Each structure stands twice: as C-alpha cells, then as structure tokens.
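Reviewing the structure listed below.
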Amino acid sequence: MGFFRNIFGGTSENVAEPRRGSAQRIDRRSTGYHEFVRAIAKPEGQTVLDLGPTSPANIQYITGLGHRAYNEDVLSEGMSPAFVVPGEQEGTTAIDVERFMQENLLQPPETFDAVLLWDICDYLPEPLVKPVIERIRLVTKPKGMLMGFFHTRDAGPEAPYCRYHIRDDQTLELQPVSQLHLQRVFNNRHIENLFHNYSSIKFFLGKDNIREVLIVR
C-alpha cells in the first residue's frame, strides 16, 4: 500500500521569501501553479491527486474548490527499504520496480482530473521515474493537467526536498522535510522526452532555479 492514501470529499515571477513567524517555511509565488489552479477551478467535483506528503492546507484548498483530494506520497514509498533488493553485481542493491508498481498508484484508469506532481521526479530513485510517470498517465483522464517542478543545474545538488503547502491561488509554502538530495537535473529536452506520451507541455522559468511545467495528458 502507498505511504499515505486518503480521499477527501467536497516567464514566471517566483520569489521565495521567509514567511513571518515561521523559520521552517518560505513563501513562493508561482505563475505556473496559478495557471494550474485557473485551469482546474471549474467545474466542481473534480478529483485531484497530490503526490507529496499529506498536507492539511492542500486538502482544505482543494476541497474548498469543490473537488476531491487524493494523496499518495510516492517519494517516501520509493525510498522505503521494503523495495530494496540485491543488485546484479555482488555487494550492490537495486529497486524492485515491479513490486513497487504492484503496490502503488493502483487507481483505476482515468481516475484523476489533475495531478500535483511537484518535484518528485528530481528525487525519485532513477529506476522508478519513467514507470511512475507512465502510471500517472494511465490514471489521469484525457486532457487532465499535471503540474511539475524541476530544479535547474544552478540549484546545486544539495537543494533540499521540500513539502509544498498551498497558501492561496498564487502562493505556495515550501517546507524542507528531509535530507534527500537531487538525484538528477532535467533540461527541457529531458522533460519533453519523459512526457512524450502526453499531449502538451508548457514551461515557466522561475527566478529561484526551478523550472515550472504544466503537462496535459
């Protein structure tokens, strides 16, 4: 089973600034996220998949739009020792991709109207990236929208993994949640190849070394 699974009814000018009264979170205005929200705002009753750790703020915001919020922490599950197996060479390890896909993202085809992908592709173990993206395509409805963030090389390999909390229709709060480091950096061509089975991709380049991407199934 996935780490968290719950269903609840109901050119970019990105500047990260410390939020007053909080030493752990920073505010980040996001043009790509704003366009994502505008695209999914109506009609009510859509189903939205959040692929980060559980965030009450995200649940509240999504359900406040009249949508259903579904959460599955794919990255935490992908880092679980339960999926580590001996590698082909002695003394090495590998990820049991087949078992992982048998236990995660098991929703019926075309379940979701929209997906908050965040930046999990930058941190997932390499063998899981393409299978997860293909599975997401399967469980997303045609014309459904994904929003992903991708670090640029200037972010540096020590860029921390953050939980994204929705504050309003233009602003996210970034909260470092682990000591994970970037596994890879995707350029535009890499991203296009990763989503080659999707119908369209739109890029937004922020000022904080993060490339925002809106993808349509």
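Read-outs throughout are calculated quantities, based only on the coordinates presented, and are distinct from any laboratory measurement. Every value quoted in this text rests on a predicted model; they were computed, and no experiment measured them. Every residue, glycine among them, receives a Cβ derived from its backbone with ideal geometry; neighbour counts consider all protein chains shown.
Set the Förster distance to 45 Å, then compute FRET efficiency between Ser199 and Thr93 from the Cβ-Cβ distance, nearest 0.05. My answer for the efficiency is 0.75. Going 7 Å from the Cα of Val85 in the Cα-to-Cβ direction, what parts of region 96-139 have a backbone nitrogen less than 14 Å from that spot? Hits in region 96-139 for Val85 at 14 Å: 96-103, 127-128. Residues of region 162-198 with an amide N closer than 19 Å to a point placed 7 Å from the Cα of Gln24 along the Cα-to-Cβ direction: 162-168, 172-181.
May I ask you to work out the translational diffusion coefficient for region 155-197 at 25 °C, viscosity 0.890 mPa s, via Stokes-Einstein with Rh from the Kirkwood sum over Cα pairs, reported in whole µm²/s? For these conditions, the coefficient is 196 µm²/s. Note on region 173-217: percent of Cα-Cα distances in each 5 Å bin, starting at 0 and stopping at the bin with the largest distance, equals 5, 16, 24, 21, 18, 13, 3.
For region 58-128, the set of GluC sites (Glu not before Pro) satisfying both a DSSP loop assignment and a count of at most 11 other C-beta atoms within 10 Å is given as Glu88, Glu90.
Each part reduced to its alpha carbon centroid, region 42-76 and region 102-156 end up 14 Å apart. In summary, the aspartates and glutamates within cross-link reach of Lys141, defined as a Cα separation below 19 angstrom excluding same-chain residues under 8 places away, comprise Glu35, Glu44, Asp50, Glu72, Glu110, Asp113. Applying 0.36 nm per residue to the separation of Glu158 and Asn188 and subtracting their alpha-carbon distance, the gain on full extension is 8.7 nm. Computed from the C-beta positions of Lys42 and Glu134, the FRET efficiency with R₀ = 30 Å rounds to 0.55. Taking only the Cα atoms of the chain, the radius of gyration and Dmax are 16.7, 55 Å. Taking 0.36 nm per residue of separation and subtracting the current Cα-Cα distance, fully stretching the chain between Ala57 and Glu126 would add 21.9 nm. Basic side chains Lys and Arg get +1 at the Cβ, acidic Asp and Glu get -1 at the Cβ, and with that the dipole of the chain about its Cα centre reaches some 640 debye.
Database remark: amide H of Arg163 closer than 5 angstrom to the amide H of Gln175, Val177 (H placed geometrically; neighbours at sequence offset of 5 or more, or on other chains; Pro and chain starts carry no H).
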